[in-house]
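To start, the structure itself, in structure tokens.
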Amino acid sequence: MTSNKRRRLLALCASFGLASCAKQESTTPKSPGAGLSMRPYGDRSPFEKTLRGARESTKSIGVGSSRTPLHELYGTITPSSLHFERHHAGVPVIDPAQHRLLIHGMVDAPVSFSMDDLRRLPSITRPYFIECSGNGGGELAGNAGADASRSHGLLSNSEWTGVKLSTLLSAAKMQSGASWVIAEGADACRMARSIPIPKAMDDALIVYAQNGEAIRPEQGYPLRLLLPGWEGNASIKWLHRLHVASEPAMSNQETAHYTDLHPTGKASIFSFEMEASSVITRPSGSQKLAGAGFHEISGLAWSGRGKVAKVEVSTDGGKAWQAAVLDEPVMSKAVVRFRLPWQWDGQATVILSRCVDETGYVQPTREQILADRGPNSTYHYNGIKSWKVEADGSVKNV
Amino acid sequence: MFEALLLSTLLSQTVTGRPASAEEIRKFDITVFPDGKGLPAGKGTAAAGKEIYKAKCAECHNEKGEGRDQQYPRLVGGVGSLTSPKPVKTVGSYWPHATTVWDTIFRAMPYETPRTLKPDEVYAVTALLLHWNGIISETFELNEKTLPQVKMPNRDGFIPDARPYQKLKK
């Protein structure tokens, strides 16, 4: 056994808390690993180091974000431990036995649900992406991210389980004239967003599970709103109150923030849908191709308006485009993985991807977005992302 | 269709959730609307707000609302900057409704101890921020009636989702 291998095995043993296993290894290299009960809640291999990225400056207080390392992941489901985060008053600790969801306002039957009440109701399970509408804001502003985490990491995709919001609103018997519902979280800042009733009655969910287990504290444990395809900020976490009303509350988050300022000085408000977007994750910024020859180009595509219909990839800086393979099943408002085999000739080039969704909407270029709403619109950026492959195989942001 | 029918019958029989009492709703309902609905009775002036601000806000937002580092937002200034290359979005230059200022302070501030200010204190620091932004005078009494009537400089600055797709859709 090479010393390198031995060191790694020792590390594995140490992480399992098994000193004796390390000792044994020198005499019986083929001895079995740790037993079944050693890790009742499993963890990844100690060789795997992928982490969420966060800006140091925002770690000290509870206001800030962390990013999913898209360039280091596979498939479409984001491991719950690597789901991006965005908090405005940290992550609250909530006892699910005490947690209630109150529905009141313009309803005939104000009602309070416990977690058990909610789990008794008909459930629905589906994959959906959540994307912060600030995702790509740096790309728009001209400070493009060095890797796919920095450029697009405020995007994650999970399988969610919960109850249709329409079921709950029907139980509360909405009054005529009700046209908005104000959702509020139980975090310290009582984050609040106003949601139009048509969305609430369409595909909005109240979810308690993520990837087969209770949702993570960072994602709103024990309960969050999930608005498929809409900007992540509106999918209120730690949901504890739904206020049915005839008008929006014009809360801090939906006026002072998450509004897109145009060069005219006017700002668009309630731009909820996340438009079609895509990013190549392999090869992408910070990676290095081992040499000329075969490489698979692979990435993620998504649309807040439905299914991804097509992803095209260019390997010559945008002159020629080829249709990529979309890995089935392609689900509405969920991330899809696209792939294209590529024979790299070893010359420097630029690779890019372009998503078209089922409504026929084509992912725009950065220039088109700048022309449409200028450099200070901050949110809802979905421009085509390109990566420069240098002749030495290193991949950089352009 | 059949499933939906069956479900509505079943749900009307199985009451999951329990009726919420008026008291419970009062305890949790802190929503404030632009027309003033939801504002509690109370009053305050900028003059009265100075001491509260110094004691409970200045530590983070700085002496006169200038903000601090990137973490603690600036609360004052920026009027006229929205069309410039470097827009400064603050309570004064950007926020469309004065009720949102009251609501934000009551529900979320001071950051470490939110919802500990009494309504009169919230009216007073709200008045101070509006005064520093040149919107009301130092002696103007802000209360549940006058607050919703304050016209913010950027009141008419918002338009619906204007992305190109919206035009295609029609």
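The values are calculated or read from the model by the stated rules, or taken from the named source; none is laboratory data. Everything quoted here is computed from the prediction, not taken from an experiment. In this analysis, Cβ positions are derived from the backbone assuming ideal geometry, glycine residues included, and neighbour counts consider all displayed protein chains. Side chains are part of the model used for accessible areas, which takes the heavy atoms of the whole protein and leaves out ligands, DNA and RNA. Shrake-Rupley method; radii C 1.70, N 1.55, O 1.52, S 1.80 Å.
Assorted remarks:
- Note on B:K118: lysines with a C-alpha under 29 Å away, same-chain residues under 8 apart excluded, are A:K237, B:K27, B:K37, B:K43, B:K50, B:K54, B:K56, B:K64, B:K89, B:K145, B:K151.
- Value of Rg/Rh across region A:196-314 [Cα atoms, Kirkwood radius]: 1.07
- Taking both sides together, the accessible area buried where A meets B is about 4500 Å² for a 1.4 Å probe.
- In this rough spin-label picture, where each label sits 7 Å from Cα along the Cβ direction, the A:A292-B:Q70 distance is 4.2 nm.
- Ranked by the mean number of other Cβ atoms within 10 Å of their residues, highest first, the peptides A:316-323, B:32-39 come out as B:32-39, A:316-323.
- The A:D43 and B:V79 beta-carbon pair, evaluated with R₀ = 51 Å, returns a calculated FRET efficiency of approximately 0.45.
- Restricting the calculation to Cα atoms, region B:43-155 shows an Rg/Rh of 0.94 when the hydrodynamic-style radius is the Kirkwood one.
- Ranked by how many other beta carbons lie within 10 Å on average, peptides B:88-95, B:72-79 from highest: B:88-95, B:72-79
- Average other protein chain Cβ within 10 Å of Cβ, residues A:61-74: 1
- Cα-based Rg of region A:90-216 normalised by 2.2 N^0.38 Å, two decimals: 1.24
- For the protein assembly as shown, the alpha carbon positions stretch 80, 56, 54 Å along the principal axes, listed from largest to smallest.
- Solution diffusion estimate, µm²/s, Stokes-Einstein, region A:277-397, Kirkwood Rh from C-alpha pairs, 37 °C, viscosity 0.692 mPa s: 222 µm²/s
- Mean accessible surface per residue for the protein assembly as shown, computed with a 1.4 Å probe while every protein chain stays in place, in Å²: 45 Å²
- Lysine pairs meeting the criterion (Cα under 13 Å, 8 or more apart or interchain), as found in region A:277-397: 5
- Average partner coverage of A:184-194, which counts Cβ from other chains inside 10 Å: 4
- Sequence-distant lysines (8 or more away, or on other chains) whose Cα lies within less than 27 Å of A:K30: A:K5, A:K49
- Geometric descriptor of region A:222-292, per residue, is 195 Å³ (volume of the convex hull of the Cα atoms).
- Between A:K173 and A:L36, the C-beta separation translates, for a Förster distance of 60 Å, into a calculated FRET efficiency of about 0.75.
- Shielding value for B:108-114 is 4, the average number of Cβ atoms from other chains within 10 Å of each residue's Cβ.
- Chain B, accessible surface, carbon-and-sulfur percent (1.4 angstrom probe): 58 percent
- Helix-only CD estimate at 222 nm, as mean residue ellipticity for chain A, using -39500 (n - 2.57) per DSSP H run (n ≥ 4): -4000 deg cm²/dmol
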